[in-house]
Amino acid sequence: MARRKTFDPELALDRAVELFWALGYEATTVNALVDAMGISRQSLYDTFGDKQALFVRALDRFNRTHVDRWLAGVEQPDAAGDALRAFFAAVPQVFGGDPQRRSCLLVNTMSERPADPESLARTRAHRLRLEGVFTAALQRAAERGEVQLTLPARAHARALAGVILGITVASKSGASVEALTDMSRVALVGLGLSLE
């Protein structure tokens, strides 16, 4: 008969997410994971697999718990100019206001693990998700006369996604909320939107 788990796997996974987010994949040891998750090494392997498998699950969990929340407003079916404005106003506060300067786990993984196929699949999906969300919002905003597109919506969306990725990286290096807000402001000005 299988032994009953004496820990909450979801809570343990959340703790692993926090550790990977703070330290990155390479600097996070199995011993540190065991300590942070409050489980034994055997329980880690039995429940989550090896460190790589746990990291992949942590990326998926981060996507569901953090990225879904960050993008909730701009992913609404009717999201347009106001949603883009609200999103680009909030992003500098989210990342610049983090005292640990962790940036985004998915963006950090883009630069730390570009050769790992499972990580690459998830970071690529994140970038494409941003592009898709922004494309849809820009198309609706253009139809309503809220933005002025000089190129196809997809081209503008790719540029906006690049700005968001840049903001997260700049926040990790210590850029102020003011500096990150300037990046957001400039990204929107060319579309005829303002943060205010």
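The values are calculated or read from the model by the stated rules, or taken from the named source; none is laboratory data. This is a predicted model, so every value here is computed, not measured. Here the Cβ is made from the backbone with ideal geometry for all residues, glycine too, and neighbour counts use every protein chain on show. For the accessible areas, the whole protein counts, side chains as well, though only heavy atoms, and no ligand, DNA or RNA atoms are used. Shrake-Rupley method; radii C 1.70, N 1.55, O 1.52, S 1.80 Å.
A few comments on the model shown:
- Cleavage-rule hits (trypsin sites (Lys or Arg not before Pro)) in segment 52-104: DSSP loop, at most 14 neighbouring Cβ within 10 angstrom: R101
- Span-like helix ranges in the chain, DSSP H, alpha carbon extent 30 angstrom or more, Kyte mean at least -0.5: 117-143
- Rg ratio (alpha-carbon, reference 2.2 N^0.38 Å) - segment 136-196: 1.19
- Summed over the residues of segment 125-196 and divided among them, the accessible surface reaches 48 Å² per residue at a probe radius of 1.4 Å.
- Inter-label distance, nm, simple model (7 Å from Cα along the C-beta direction), A22/E196: 4.0 nm
- Share of carbon and sulfur in the accessible heavy-atom surface of the chain [1.4 Å probe, %]: 54 percent
- Between N31 and A125, full extension at 0.36 nm per residue minus the direct alpha carbon distance yields a gain of 30.8 nm.
- Here the relative contact order of the chain, from alpha carbon pairs under 8 Å that lie six or more residues apart, stands at 23 percent.
- Loop-located trypsin sites (Lys or Arg not before Pro) across segment 108-196 with a Cβ neighbour count of 13 or fewer within 10 Å are R144, with loop assigned by DSSP.
- Taking each DSSP H run with n ≥ 4 as -39500 (n - 2.57) and averaging over every residue of the chain yields -21000 deg cm²/dmol at 222 nm.
- Taking the C-alpha atoms of segment 14-159, convex hull volume expressed per residue in Å³: 113 Å³
- The length gained by stretching the chain between E178 and Q76 to full extension, at 0.36 nm per residue less their Cα-Cα distance, is 34.0 nm.
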